[in-house]
1. Given the criteria in contact with a strand residue (DSSP E or B) (Cβ under 7 Å, 6 or more places away or on another chain) and under 30 Å from C:M139 (Cα atoms), does B:I115 qualify?
2. Select from segment A:148-166 the residues that are facing another protein chain (nearest Cβ under 7 Å) and either hydroxyl-bearing (S, T, Y) or crowded, with 24+ Cβ neighbours inside 10 Å (or both) and list them in ascending order.
3. Of C:A106, C:A83, which residue is touching a Leu at 6+ places or on another chain (Cβ under 7 Å), away from chain B (no Cβ under 13 Å), small (G, A, S) and within 30 Å of C:D29 (Cα to Cα)?
4. Inside segment C:29-49, can you point out the residues that are away from chain A (no Cβ under 13 Å) and out of contact with any Lys or Arg (no Cβ under 7 Å at 6 or more places or on another chain)?
5. Quick check on segment B:32-80: of everything there that is in a strand (DSSP E or B) and hydroxyl-bearing (S, T, Y), which residue is farthest from C:K159 (Cα to Cα)?
6. Before we move on, is A:L241 touching a Lys or Arg at 6+ places or on another chain (Cβ under 6 Å), among the hydrophobic types (A, V, I, L, M, F, W, C) and over 16 Å from A:V169 (Cβ atoms)?
7. Can A:R85 be described as over 14 Å from A:G354 (Cα atoms) and not in a loop (DSSP other than H, G, I, E, B)?
8. Give the residues of segment A:298-342 that are in a loop (DSSP other than H, G, I, E, B) and among the hydrophobic types (A, V, I, L, M, F, W, C), sorted by residue number.
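The values are calculated or read from the model by the stated rules, or taken from the named source; none is laboratory data. The structure presented is a predicted model; accordingly, all values stated were derived computationally and were not measured. Please note: Cβ atoms are built from the backbone with ideal geometry, for glycine as well, and neighbour counts cover all protein chains shown.
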Amino acid sequence: MDAGLDKVDAIFEKETAIIDGVDISGPWNRMFKERVIWEYTPELIDKVADLPGGESFAWCYQCAKCIPVCPVDMVGNYGPRKLYRMAQTGTDLHKSEELWLCTTCANCLRVCKKVVDMVQIMPAVREQAVLDGNVPEELQKAFEDTAKFGNPLGQGQRKRAAWTKKSDVPVPIMKKHGQPVDVLWYVGSYPSYHPRGIDAALAAARIFNALGIDFGILGPEEKDDGDTQRLAGESGLFEMLAEHNIAMFNKYEWNTLVVTGPHELNAFKKEYPKLGFDRSALHYTQFLVQHLDQLKPMLKHEIKATVTFHDPCYLGRHHGEYDAPRELLRAIPGLELVEMGRCRENGYCCGGGGGGMWLDSFTQNHTTMRLSERRVLEAVAYGAEILAVCCPFEVSRFEDAAKSTGNDQLKVLDILELLDQSMRG
Amino acid sequence: MSNDIFVVTECLDGKVSDISYEMVGKAKELAAASGGQAVAVMLGSDMAEQAGTFASDATIYVDDPALAHFNPEAYGKVVEALAAARSPRLTMFGSTSMGMDMAAWLSVKAERPLIAYVNSLSAEGDELVATSQVYAGKMAAECVPEGESAIVTVLAGAFSVEAGQGGMAVEQIAAPVPLDGLKTRFVEMIMPAAGDIDITAQEKLVAVGRGIGSEDNVELAEELAEALDAAVAASRPITDAGWLPKTRQVGKSGLAVKPKLYLMLGISGAPEHLEGMKDSSLIIAINTDENAPIFDVAHYGTTEDLFDVAEAMLELLE
Amino acid sequence: MNIVVAIKHIPSLADELEVNDEGTNLDYDMVDFVLNEFDEQAIEQAVLVKEASGGAVTVVGVDVIEELDGVLHTALAKGADKAVKIVGDLEPGIDSHTHARWLADAIKEMDADIILTGVQAADDLDGQIGPMLAAHLDMPYLGVVTGVEVAHRVATLYKEYAGGMMGKYAVSLPLVVGVQAATKPPRYAPISKIRQIAKTAVIEEIEVDDDGPGAAVMLRKMSPPVSTGHANMLPGDAEAVAEKIIAIIKERGLL
Ligand SMILES: Cc1cc2nc3c(=O)[nH]c(=O)nc-3n(C[C@H](O)[C@H](O)[C@H](O)COP(=O)(O)OP(=O)(O)OC[C@H]3O[C@@H](n4cnc5c(N)ncnc54)[C@H](O)[C@@H]3O)c2cc1C
Ligand code: SF4
Ligand code: SF4
């Protein structure tokens, strides 16, 4: 599907057109092609809207505000309005490949006057698709790995704390620690297993230690939060993981729950409460910003670089946190923060949310470039030397995208890594 | 009980498989030490010629039309009868599509212990010691079979081919058991289809990454693969660029492969790539960056330029 | 048609395997157990055969560490009709011979027409259970199979050989099949469905006590292969390296 062509094709003009003696040849008679606005049935729209969570799909009045902000449309042909129209003209979203392209980034929701909410609609329809056995292979593998091993990377559960062996500072594991902690740090799957995620986890451990924070991790008792699997349609898997994690959270005494990733933040703040978890959580940027006065004097070494920051959808739009990461970055001496055009409320999506992380090849067949590549090009266009991130999905995605777009010079670093560098030189 | 060692050899499509020679070579060495004979056992129809290519101390060739193609039911019965009649101290099968169908069956039928996935065999006095590569090679288990007679299945490539090749007089016999009333019937052999290859089914892969530089250079990898009788696989940037079809992509969003040889030209070893190939039996990485993460996973590595190495290999192979 | 799938619950290779203090076996306290990956293929193939030719699928396994229920519930969610577990006062480390003997005894009562099992398992130190089942049950066996069709009490099987060759076989029922890969990749069982089944499913239990003959193999020593955690770097210039690489490939019998 070539988005560009499709759009141009929908316009036509007659070379010569004289109407009532008036010559309107060429661009003067430019028209949209006739569109099919009759002969549709509402059945396929109802099929979505009848699902719990799918209701708002039917509210769309086709104003198209959502299209220009949809990150998938920018590299393809997508967005709520288009999905509605497709359903109107015969596409069964339950069976369509379009079902898997939305990253639940919520940018459309931000602008939609009718509150058509893809963040609810997508998991509702996907859940049905999963029950019907229509799951893209790559995604199925991530589900299976999560079910079997407790993480989508397919690594052993017992190895979840293996990264701590590389740490030069102590990282207490609750089970062995045997005493209450002030901060329970939920590390997350990518920071526990992915080599670049581990780099961020090691940096976090050093920062926590430097700040004298009394913290602990669950280690092998921690499992993936499951929220992204839920958004990708596996609600049963989500519940199973949530029950496990909640039991672990309740097993120990702690005051504050701090997470490395925004998806986990979403899980623990918005979804786990529905299953009885009644405590809050903080993203690490929110937590560290509370310690900024103490942290600032430790940031001794300059990082002389032009840095831009990518707002994670699930920290920004989903949880309204835009400032904490920026304050941390600004605290680093020498660092010049530039904003990309698509930032804050209108931040572009890295493509990893809502299951996109596990649909790389699948999505590739529907887009002209990866969302992560699109984002990297934007960062480069704004003259960034470093792309700063604070979501564990993103380091691997952007680093790879920097390479694949031939921008190897662009460094992708977690804010944790930048802080750690500035502390240690 | 004799001190003989039986090697159940195999032919595929009329050609003796290397594993047969590998086992014969090892059997000879063991038999010489224990004062028995290494007996190659070949089953087939009109295959006396192939049966004469072993360096064994003796070769028994069972000729019967029912044995023309591998048939576990027929082959099992014949091997069982021979083993019962001549009581070898050890019966060796290949850990192959054929050997695996017979060995465990015989172990139960003849009540003899079996050790599978063996890559090392030796005699310690009267005892036979076998090392089994269990848990997909993640553990080596040193075992001693109880009793006087045992069975092993041997991994391909564990022993030398040359030591088992030679020419011996063949004792040709008719099937020692009736082979009628079989429930298993061989229908036909289906040859691999032409067209794009399935990299997951390949024994040897030459994998190219971004280090190959340009589309034109992919040809070099293809030549090398041809010389090695391997297929070409790739990291994602290569298939992304369309230099090779998507069906050749190894990794998280591509295919998972487990070849016996994975020769890598200019691939850094990103975790997403590793996910698809880390279980390959032999990984050789050519990458100019000595800090490339692939060297933590590869068995052998070099930081020489991939073009120099590939061309030198091509020359040597020609 | 009675389709039976015999499965094995085996140590997961996702974890680093550790050996016990005596160095004679795995430290089973330090491993998680998973369904043998080839058995997963066998379950899929069984359900495909049922869907194509009718019948009922029974899945049976030895409950080595009392954690087999999850595996059996998953099989039921994928389309199996009945689940059976062999229980007793069991310890991990049960060899294939014992597995096969118990499974065969259980299957004898099932009037099976076709028995599918994974072609091999990572812990098959003393051999694969498929051919052993066939020996106990006095049925023919065919392994390394990548496709099964059943019609008129004859199974058509596709057996994989080296070099992409494939042997086509016709075997009259009953028989035992060692599945390498199902015709289609295993389907996904949504966790909500598995959990639903877990609430209602009845798993039949068969008691065994360990007295019969086992593998008769003495395990003297178990050790992980020496790994340096880093590639063995080949010395010399490009020609020397090329020569060495070819030698290594030859050494492994791959050239
Ligand atoms: C969600 C997701 C899914 C992904 N899925 C996959 C996947 O399925 N498969 C996959 O492969 N990747 C995948 N990736 C991409 C992966 O992260 C890496 O970007 C990719 O594997 C890098 O490919 P490469 O090693 O060929 O390139 P690079 O990382 O650029 O490595 C090229 C290497 O070649 C070396 N080199 C250069 N010139 C020479 C020379 N002359 N001689 C010798 N060596 C040389 C360099 O030192 C370098 O190490 C995925 C990424 C994401 C985020
Ligand atoms: S903004 Fe809302 S109402 Fe307008 S087209 Fe998009 S989904 Fe429909
Ligand atoms: S949630 Fe994001 S990706 Fe999905 S339709 Fe809306 S804007 Fe597009």
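1. yes
2. Residue satisfying the conditions is A:F149 alone.
3. The match here is C:A83.
4. C:F38, C:Q41, C:A42, C:Q45, C:A46, C:V49
5. Among residues in segment B:32-80 that are in a strand (DSSP E or B) and hydroxyl-bearing (S, T, Y), the one farthest from C:K159 (Cα to Cα) is B:T59.
6. In short, yes.
7. Criteria met by A:R85.
8. Passing the criteria: A:L299, A:I303, A:C313, A:L315, A:A331, A:I332, A:M340.
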